[in-house]
Every structure is written in C-alpha cells, then in structure tokens.
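J.: One structure coming up, written as structure tokens, with questions to follow.
The values are calculated or read from the model by the stated rules, or taken from the named source; none is laboratory data. As the structure is a computational prediction, the values presented were derived from the model and not from experiment. We place every Cβ from the backbone using ideal geometry, glycine too, and count neighbours over all the protein chains shown.
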Amino acid sequence: MLQQIIDRRLAGKNKSIGNRERFLRRHKDQIREAVKRAVDGRGIRDMERGEDIHIPKRDITEPVFGHAQSGGKREMVHPGNREYVRGDRIERPKGGQGGGGGSQASDSGEGEDDFVFHLTKEEFMQVFFDDLALPRLIRTELADSPEWKTQRAGYTSDGTPSNLHVVRSLRGAISRRIAIGSESRRELRELEEELAELEAQQPLKLLKLQELQERIQALRARLGRIPYLDPIDLRFRNRIRVPVPTSKAVMFCVMDVSGSMDEARKDLAKRFFILLYLFLTRHYDKIDLVFIRHHTQAQEVDEENFFHARETGGTVVSSALVLMEEIIRQRYPRGEWNIYGAQASDGDNWHHDSGRCRELLNDKLLPMCRYFAYVQVAEEEQNLWEEYSQLLEVQPHFAMRKVTEAAQIYPVFRDLFKKEGTAVA
C-alpha cells in the first residue's frame with residue numbers, strides 16, 4: 001500500500017497554509033495587478049501593510065462535471081412554463097428577489113459579490129518584489145562570502161591539546177570509574193565483611209579463608225586495572241565558524257529643490273525614494289536614511305523638511321554630491337556599510353557644473369556605492385542628462401531613467417532593479 005507523509009511542522013497551527021499558497025499561485029496575475037493598483041493609490045507612509053484584494057466571483061468558480069442524457073442537441077419543455085416560448089431571453093432576478101448577490105447596490109438590478117482576499121504585509125511585499133533582487137550586487141558578506149566569526153559550540157571528543165578542558169575530562173573520568181567499578185566494590189565490601197567474621201571464629205576454616213582471600217585479591221586487581229583517565233574521557237572545547245552577514249546599509253536621498261521643482265515633481269521623487277527604501281528593507285536589518293536637498297547650496301535635513309520645506313533659487317547639483325561624499329567618509333566607512341544613492345532632479349543645472357557632477361560620480365561616489373540611481377522627473381533632456389549618460393557604459397552599477405507621471409513609477413522601479421536576465425514587461 002502506497003503511503004504519503006506530509007510534513008506540516010513549518011505550518012505551525014495554520015493548517016490551511018497549503019491551500020492559501022495554492023490560491024496565491026492560481027490567481028497570481030490578478031493579485032499582482034491589484035498590488036500594482038494599491039501602490040499607485042497609497043500614501044508613501046502606508047506602504048508597509050497588508051491589502052484587501054478583490055477578485056470577481058466569476059474568476060474563482062470551479063469547473064463542474066454533470067451527468068447528461070445521451071444524444072446531441074435536444075429540445076424540451078419544462079413543466080410550469082406559461083410565459084416563455086423558444087428564443088425568449090430570460091431576465092435576471094431583480095435585487096432582493098433571490099438569486100444571491102444582493103449585497104451590492106445597483107440601479108440595474110444586476111451584480112455579483114467579489115471575493116475579498118486579505119494579503120498580509122509579508123505577502124503584499126512578496127508580490128510587490130516578486131522578481132526583484134539587489135541589482136548587480138558584488139557578492140559580499142551578505143551573500144556567498146560572508147564574514148566569519150568563531151564561537152563556542154559545546155564540547156567534542158576530538159581536538160588539539162590546547163583545547164583540552166581538564167575539569168570536564170576529569171569529571172567524565174570519575175563518572176566512568178564509578179559506573180564501571182560500583183558492582184565490584186560492592187562485592188569486595190561483602191567479601192571483606194565475611195572474611196572478618198570467619199577470622200573471628202574458632203577453629204579457623206583455613207580452606208574457606210584462603211578462598212575468600214583469593215577472591216578479594218582478584219577484585220582488588222580488577223579495580224586496579226580501571227584506568228584513571230581513558231581517551232574516551234577527554235573533552236575538548238569545540239569552536240565553530242558561523243557566518244555574520246553584513247546587515248547594515250545606508251541610503252542617500254538627493255533631491256533638487258530649486259524653483260523649477262514643483263510639488264508634482266517632488267511627489268514623483270518621493271515615491272521613488274520610498275520604493276527603493278522598501279526594497280532595501282528586504283535585504284538589510286538596519287538601514288540609515290540620509291536626506292540631502294539642494295539648490296545652489298546643499299544641506300542635510302530630516303525627512304519632513306526634505307519633502308515639504310519650500311525654498312527657491314538656482315541649481316548647483318555638485319554641492320549635493322560633495323556633501324554626500326563628506327558624510328560617507330565621516331560616518332559610513334565603506335568596509336562596514338553597504339552604500340546606496342538615489343538622486344532625483346528635473347535635469348536643470350548650471351551648465352558649467354554638469355561636467356563636475358559627472359566627474360564626482362565617476363571618481364568619488366560610484367567607487368564607494370553598491371548602486372546609484374538617477375531619476376529625472378522631466379521629459380526634456382538637458383546638460384545634466386547628457387553628462388550622466390556617459391557613465392552608463394563605464395559604470396555597471398549606475399542607472400538613470402525618466403519619470404514624468406505617477407503611473408510610470410512602478411515599471412521604472414522594476415526596470416532599474418530587475419533580476420539579471422528578466423525581461424521588462
């Protein structure tokens with residue numbers, strides 16, 4: 001008889017997790033579209049939560065096999081039919097008159113309830129980042145070449161003399177000698193007591209006395225042969241190497257706040273920054289955010305001032321890049337942090353400054369960054385776009401894209417951070 005064993009230990013108390021996973025796989029395309037709509041409609045601060053997915057009732061019906069009479073096309077007259085003849089179209093029941101589906105108000109009397117399926121926060125993010133991975137990331141401590149540290153892991157019976165634990169070894173030796181010799185010592189005590197009683201008797205029974213003495217000597221010899229310290233008693237300190245992933249990352253958000261950056265363009269930049277941040281949270285335990293805003297001068301600010309403070313003026317992009325380099329060298333050593341940069345601008349810049357921006361990126365920042373993305377929130381290509389375009393061929397971890405409306409945020413983000421070899425829809 002064929003037996004099948006299903007291991008449900010990972011499911012915990014949730015016995016329906018298998019059905020839930022099958023449902024997610026079956027309606028993957030619809031759920032993905034619903035997540036995309038949710039991303040467009042949510043506020044930036046509300047990204048990390050679940051979502052209610054509405055699936056039309058007609059899409060979750062199961063195929064049903066029924067028994068039919070033999071033969072092909074048939075005509076029949078049902079009993080009780082007094083108002084319809086062949087070819088008439090039968091209207092749907094009016095709302096509230098049976099037939100189900102009365103929970104949705106309608107002026108036409110038609111409608112069906114949608115199936116509402118709640119995605120948890122983890123499932124929502126899983127669908128959102130379904131085919132994304134850290135882009136062109138050189139394998140470091142987080143992946144195949146982790147940092148290693150040595151830690152104690154109990155004791156082992158093999159090892160080097162320098163790792164010998166004397167106390168633990170002697171404790172094991174004493175336990176072994178007690179266990180092996182306990183029966184012999186008990187028998188020895190009984191024989192010694194019997195010998196003492198025999199020696200006190202008169203006349204002496206020499207033959208029995210000699211026999212007891214020989215047995216006592218044999219037991220003492222047996223106990224004497226128990227080794228004080230046996231190789232099986234030795235215990236050595238056991239140390240193992242365990243990987244310590246690099247779990248720290250810093251994300252620099254650089255944005256132009258000059259007079260040409262209106263609120264709509266700032267909102268586009270804000271959406272891209274939050275998507276990048278959410279993406280990094282799936283790979284790092286600790287993420288620092290550094291906000292740098294600039295017009296002719298750059299300054300580090302908090303998130304509230306970064307997105308909502310109102311300032312006007314000209315544009316000198318290099319001031320922000322210089323400040324970013326200074327902050328990295330002061331607070332975020334390259335060997336300890338994974339550094340990511342995201343810059344948003346409308347492309348407008350003082351024309352003498354764009355060449356310096358390219359040099360700063362190529363010579364200073366990109367060698368320290370895991371990835372740097374430039375997003376232009378305007379269609380017109382100006383001198384900054386032309387200068388940055390020269391870096392695409394020589395810097396594999398640099399990317400630049402255009403975003404002119406909110407609907408383009410999601411596909412552009414996926415394009416920037418798609419897995420290697422994944423086609424862009």
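J.: With the structure loaded, tell me whether R358 is surrounded by fewer than 21 Cβ atoms within 10 Å (Cβ to Cβ) and closer than 25 Å to S389 by Cα or whether it fails that test.
T.: Values: surrounded by fewer than 21 Cβ atoms within 10 Å (Cβ to Cβ): yes; closer than 25 Å to S389 by Cα: yes.
Spelling it out, R358 is indeed surrounded by fewer than 21 Cβ atoms within 10 Å (Cβ to Cβ) and closer than 25 Å to S389 by Cα.
J.: Please determine whether any residue of the stretch 275-298 is assigned to a helix (DSSP H, G or I) and either touching a helix residue (DSSP H, G or I) at 6+ places or on another chain (Cβ under 6 Å) or farther than 30 Å from V127 by Cα (or both). Walk me through it before giving the result.
T.: Step one: list which residues in the stretch 275-298 are assigned to a helix (DSSP H, G or I), which gives 275-281.
Those left that are additionally either touching a helix residue (DSSP H, G or I) at 6+ places or on another chain (Cβ under 6 Å) or farther than 30 Å from V127 by Cα (or both): 275.
Yes; the residues of the stretch 275-298 include at least one that is assigned to a helix (DSSP H, G or I) and either touching a helix residue (DSSP H, G or I) at 6+ places or on another chain (Cβ under 6 Å) or farther than 30 Å from V127 by Cα (or both).
J.: Considering only the stretch 167-184, I want to know if a residue exists there that is in a loop (DSSP other than H, G, I, E, B), within 29 Å of R241 (Cα to Cα), of a type outside the set (S, T, N, Q) and modelled with pLDDT of 85 or more.
T.: Going through the stretch 167-184, the residues in a loop (DSSP other than H, G, I, E, B) turn out to be none.
No: the stretch 167-184 contains no residue that is in a loop (DSSP other than H, G, I, E, B), within 29 Å of R241 (Cα to Cα), of a type outside the set (S, T, N, Q) and modelled with pLDDT of 85 or more.
J.: For the stretch 185-233, which residues satisfy the criterion of being among the aliphatic types (A, V, I, L, M), at pLDDT below 80 and either in contact with a strand residue (DSSP E or B) (Cβ under 8 Å, 6 or more places away or on another chain) or surrounded by fewer than 13 Cβ atoms within 10 Å (Cβ to Cβ) (or both)?
T.: Within the stretch 185-233, A200, L204, L206, L207 meet the criteria.
J.: Of everything in the stretch 327-353, what is among the small types (G, A, S), over 15 Å from C253 (Cα atoms) and buried (at least 20 other Cβ atoms within 10 Å of the Cβ)? Give them in sequence order. Talk me through it step by step, then tell me what you get.
T.: Taking the stretch 327-353 as the starting set, the residues that turn out to be among the small types (G, A, S) are 335, 341-342, 344-345, 347.
Applying the additional criterion that residues be over 15 Å from C253 (Cα atoms) yields 335, 347.
Within the stretch 327-353, just G347 meets the criteria.
J.: Another question, then. Mind checking which residues of the stretch 260-301 are under 22 Å from Q382 (Cα atoms), buried (at least 17 other Cβ atoms within 10 Å of the Cβ) and among the charged types (D, E, K, R)?
T.: Within the stretch 260-301, R265, K266, K270, R293 qualify.
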